[in-house]
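Since the structure comes first, as structure tokens, the remarks are kept for the end.
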Amino acid sequence: MDILFYIAAAVTILAALNVVLQRTPVYSALSLIVVLCSLAVVYLLLGAEFMAVLQVIIYAGAIMVLFVFVIMLLNAGHEVPSQRSRFAKWLGAPIVGALLVEMLMAVWNQFPTAGATRPPHLEGSPAAIGHLLFQSYVLPFEVTSILILVAVLGAVVLAKKEF
């Protein structure tokens, strides 16, 4: 099971890098689908089957269809490289190095010491998730849905051609 987790984590990281490094928006969106599906595998390995199904159906399915629709609507083509500023040239590498060191420290601190115990298993049933979502986290849930709606409407307005 551990080897499957590391394989899924490696696929997630490589696909996430591909999302950022691609110059074509459609390929970035396809790489993001790979990221979301490999995260669903991680959820399965953690025993959260319901979250894995939601990840595939909602994010890799519905949300990515919206992203690809907006990309096609905007007719976004190949990205043209621009001249980089001196600020980015001199400070980019040290900032990326500091970020990598911070990430390595965070990963290092996640490994338990010899006497540590595993955390208790959390309830991942649909009823428990629904209870949390619609009672404790209803405001962030609704704000997120409105934010997605505004983003799609903004893309449609920007893509609208004047005749």
Members of the range 20-47 found to be among the small types (G, A, S) and in a helix (DSSP H, G or I), listed by number = S28, A29, S31, S38, A40
note = Restricted to the range 23-57 and to residues being more than 15 Å from T12 (Cβ to Cβ) and of a type in the set (V, I, T), the residue farthest from the chain's Cα centre (by Cα) is T24
request  = Being among the hydroxyl-bearing types (S, T, Y) and at pLDDT below 90 is the filter here, so list the residues in the range 1-30 that pass it.
outcome  = T24, Y27, S28
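Residues checked against (1) surrounded by fewer than 16 Cβ atoms within 10 Å (Cβ to Cβ); (2) in contact (Cβ under 8 Å) with a residue 24 or more places away in the chain; (3) in contact with a strand residue (DSSP E or B) (Cβ under 6 Å, 6 or more places away or on another chain):
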{"position": "Q22", "(1), (2), (3)": "no, no, no"}
{"position": "Y27", "(1), (2), (3)": "yes, no, no"}
{"position": "S31", "(1), (2), (3)": "no, no, no"}
{"position": "V34", "(1), (2), (3)": "no, no, no"}
{"position": "C37", "(1), (2), (3)": "no, no, no"}
{"position": "V41", "(1), (2), (3)": "no, yes, no"}
{"position": "G47", "(1), (2), (3)": "yes, yes, no"}
{"position": "V53", "(1), (2), (3)": "yes, no, no"}
{"position": "G61", "(1), (2), (3)": "yes, no, no"}
note = Counting only residues in the range 2-20 that are in contact (Cβ under 8 Å) with a residue 12 or more places away in the chain and not β-branched (V, I, T), the one surrounded by the fewest Cβ atoms within 10 Å (Cβ to Cβ) is identified as L4
query = How many residues does the range 67-124 hold that are in contact with a helix residue (DSSP H, G or I) (Cβ under 7 Å, 6 or more places away or on another chain) and modelled with pLDDT of 70 or more?
reply = 6
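The values are calculated or read from the model by the stated rules, or taken from the named source; none is laboratory data. These numbers were taken from a predicted model, which means no experiment stands behind them. A quick note on method: Cβ atoms are made from the backbone with ideal geometry, for glycine too, and the neighbour counts reach across all protein chains shown.
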